[in-house]
Structure formats: C-alpha cells, structure tokens
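Values quoted throughout were computed directly from the atomic coordinates according to the rules given, and no laboratory measurement underlies them. This is a predicted model, so every value here is computed, not measured. Counting neighbours? That spans all protein chains shown, and the Cβs are built from the backbone with ideal geometry, glycine included.
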Amino acid sequence: MTESLISAVVPAAGASTRFGARKLLADVDGAPLLQRTLAALLQAGVDRVILVVRDGDTFVGVDALGDPRLTMVSNPDPERGMFSSIQAGLAAISGPGPVLVIPADMPFVATATVAVIAGRAATTGDVVIPVHDGRRGHPIALPGRLRAPLLALDPTTTLKLALARLHPAVTLIEVADPGIVRDVDTPADLGR
C-alpha cells in the first residue's frame, strides 16, 4: 500500500533575513506561523511530513512537531538555497507516492486546498500546481518518479528551473484560496 502514501516536504531552513529572528514562531491568529503551515498538511490527511531545518533549530510551541507523521531533517548547508532544502526532504522519503512541497512561511494555505492538490496528485502522474487569480502557488505536488531526477540536480538551482529542465506534464488547478500565493517575508506580510 506504499504507493498511496502522500508525503510533504516543508523547507524551513531559510535565514529569514527580511523578517528577523524567529519568523516561524511569529503569531498568526493565535498560533505560531509554522504550526499553521504544518496543520494544513496534517489536517488534510498527508501521510508523512518532512520538515527541513537548519542544524540546531528548535520551535517551542509548535504542537504539530509531536505528530508521529512528522520528521525533522537538517539541511547541512542551507545557504545553497531553498532547493537544497527540498532535496534534503526528498532524500528522506522512500516509496513512489507523490510529494507536496510548501515553504514553511505559508500559513494561510487552507486545509481544503491541500486536500484538493493531494487528491489530484494521487490520481495523476503530473506535477500539480494550484492557481489563484492567474498566479501559481503552493503546495506543488511532485510525482514520486521525479524524486531521483530532482536529487541529481545542482542544489543551488530553484524548483521552478529544475522542473523546466525536466519537462514533466503539469496540471494546473484553479482554487479560490488566496493563501496559496501569500508567503510571509516581512512582519508587514502578516497584516496584509
């Protein structure tokens, strides 16, 4: 039954230079930002979540870290960029099932949107990308067969460039969720 498992990779090893220290613990409607991102995945029924962090990172108050479906892995050199964290997460996953990718700083993505993307990913071999008002967002679902080719690429590239190089079939799904394009880079982003 391994083939039906849906995984998620959550890159959380960025330096948060524009926001300041402890961005992922910032309060978003009474919960830490990271808790909201992880909860959307777990409540949508994702089978396993790989949270990719910097060495030594701790996230006190993020209850989702106690969920048995969640594993933390370290990116040994996060300065290489977010794609290197995505690779660290992909390397921690086995099995042929799809993998959702959502940056840790996207606390406004709705659980229902995650469920829609995960559901479509489970029934197609395509990359599945949500779209809101003409803008592509997250989570992006990657078919399991792309794990090895993505792991073979330069860790300093981006996921967008990596996918352009691999030319997979892509399914775009229009969603009514503006959270798919709403990340948090600065404190002002929490209020917009």
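Estimated purely from DSSP H runs of n ≥ 4, each contributing -39500 (n - 2.57), the mean residue ellipticity at 222 nm for the chain is -7000 deg cm²/dmol once divided by its residues.
Peptides 97-110, 38-51, 69-82 ranked from most to least packed, by the mean per-residue count of other Cβ atoms within 10 Å: 97-110, 38-51, 69-82. Here region 2-190 is assigned +1 on the Cβ of each Lys and Arg and -1 on the Cβ of each Asp and Glu. Its dipole about the Cα centre then comes out at about 360 debye.
Using R0 = 30 Å, the C-beta based FRET efficiency linking Glu79 and Arg165 works out to 0.85. Segment Thr156..Thr58, full-extension length gain: 32.8 nm, with 0.36 nm per residue of separation and the alpha-carbon distance subtracted. Under the criterion of Cα pairs below 8 Å and six or more residues apart, the relative contact order for the chain equals 26 percent.
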